[in-house]
Each structure stands twice: as C-alpha cells, then as structure tokens.
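**Student:** Quick one: the structure is below, and I'll ask about it shortly.
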Amino acid sequence: MNILSGEYRIRQVNRHGESKEVPIRNERFYLHREDWYFTIRRGVDQGPFASEHEAREALRNFIEEQLEFEHQLQKGRTG
C-alpha cells in the first residue's frame, strides 16, 4: 500500500466510514528546537527525529503497522 506519494505528502483518501469529499487534514510534522516530531491522533507525539525525512519515514512505518494491526483484528473477527 502506497501511503506516501510525491514529496512525501500523505495521500488524501477517505478514511473508514467517510464517503463524501475528503476533508482537509492538518500537517502532522513540526520542528521543536532542532528535532522533528509528528503528531498522532491517539497518543503522544512521536519523536525526536534528526530530520524531517526521518520523521516522515517513521510516520509511514507507524501507519503501516497500524494498518497491519487493523487487518489482523478484522481477520480475527471474520476468521
């Protein structure tokens, strides 16, 4: 699954249960002092990372792990 595209921008797609136009999503990355972080909805901000690129890669990995976890949950419910 391609989560990031172009210049490492998160692809704007409808989330589960959303059927209308994709809402505007806020930027998840920020620089604090000399370290990069990204925000998540449930939990504490993730970081620090040495560069924005590292933070974006970490977010990509985080999302992939969450999607895999969700897939395993769904599989358990139907299997």
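The values are calculated or read from the model by the stated rules, or taken from the named source; none is laboratory data. This is a predicted model, so every value here is computed, not measured. As a convention, Cβ positions derive from the backbone with ideal geometry for all residues, glycine included, and neighbour counts pool all protein chains shown.
**Student:** Given the criteria modelled with pLDDT of 60 or more and not in a strand (DSSP E or B), does GLU7 qualify?
**Tutor:** no
**Student:** When the range 38-51 is examined, which residues are found to be outside any loop (DSSP other than H, G, I, E, B) and surrounded by fewer than 15 Cβ atoms within 10 Å (Cβ to Cβ)?
**Tutor:** Once the filter is applied, which keeps residues that are outside any loop (DSSP other than H, G, I, E, B) and surrounded by fewer than 15 Cβ atoms within 10 Å (Cβ to Cβ), the range 38-51 yields only PRO48.
**Student:** Within the range 43-68, work out how many residues are in contact (Cβ under 8 Å) with a residue 24 or more places away in the chain, more than 15 Å from GLU27 (Cα to Cα) and among the charged types (D, E, K, R).
**Tutor:** Summing the residues that are in contact (Cβ under 8 Å) with a residue 24 or more places away in the chain, more than 15 Å from GLU27 (Cα to Cα) and among the charged types (D, E, K, R) in the range 43-68 gives 1.
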